[in-house]
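The values are calculated or read from the model by the stated rules, or taken from the named source; none is laboratory data. Nothing here was measured: the structure is a model prediction, and the numbers come from that model. In this analysis, Cβ positions are derived from the backbone assuming ideal geometry, glycine residues included, and neighbour counts consider all displayed protein chains. Ligands, DNA and RNA are excluded from the accessible area calculation, which covers all protein heavy atoms including side chains. Shrake-Rupley method; radii C 1.70, N 1.55, O 1.52, S 1.80 Å.
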Amino acid sequence: WDVVAEAGVCKLRGHRGPVTGVAMIASLGALASVSKDGTLRLWDLHTQHCVQTCASPAGELWSVDMDESAGRLLTGGAGGELLLWTIAKAEVAGSAGGESGAADGATEEATPVGVDPLWMAAHATLRGSIATTSSAKVAQISCSADGGIVGVLYGDRTMGLWRARDGGERLKR
């Protein structure tokens, strides 16, 4: 959004159904979007292109939020399921030495030799699902700033809270 011109900067097209949620991944210069078409899409904000499409094993996706402190992304579906994804920067397939669409020749972090840094993009990997107590659609997901608490608002007017634990905390229990 251009505040001065009061107009959109670009349109990102690719979902085959209504987009139901978006989350910024500022550290990777990316945007995650989910849709009723059952896909999670990652968009490179420099090139304004979709760099990855991930199909949900559970169908429609309704919400998304990013925990940048841990490199985790959570998506919520129509049946109350929560899917956990890890997000990292990776080379876009077939992009070494490719054309660039970014302005100003901006680069991020150190990149492998022979890889155009403009074609390093966010990449999602599904890590699993989180058991929930509701079968209603996940209307909204919100991760705390430190990533320690996850709040979920369901379509049946209930809410769930989870505390994220690391491997060491789970072993103590």
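With the calculation restricted to Cα positions, what are the radius of gyration and Dmax of segment 14-95 in angstrom?
When restricted to Cα atoms, segment 14-95 yields Rg and Dmax of 12.0, 37 Å.
Suppose each label sits 7 Å from its Cα in the direction of the beta carbon; what would the Val3-Thr158 distance come out to in nanometres?
Here the answer is 4.2 nm between the modelled labels.
Quote the Stokes-Einstein diffusion coefficient, in whole µm² s⁻¹, for segment 32-73, based on the Kirkwood radius over alpha carbon pairs, a temperature of 37 °C and a viscosity of 0.692 mPa s.
Using the Kirkwood radius from Cα pairs, D works out to 298 µm²/s.
Taking square-rooted eigenvalues a ≥ b ≥ c of the alpha carbon gyration tensor, is segment 1-42 rounded, prolate or oblate, where a/c under 1.5 means rounded and, failing that, a/b exceeding b/c means prolate?
oblate
Between segment 61-78 and segment 38-54, how many Å separate their Cα centres?
So the separation of the two Cα centres works out to 15 Å.
Can you give me the solvent accessible area of Trp43 with a 1.4 Å probe, rounded to the nearest 10 Å²?
Per-residue accessible area (Trp43): approximately 10 Å².
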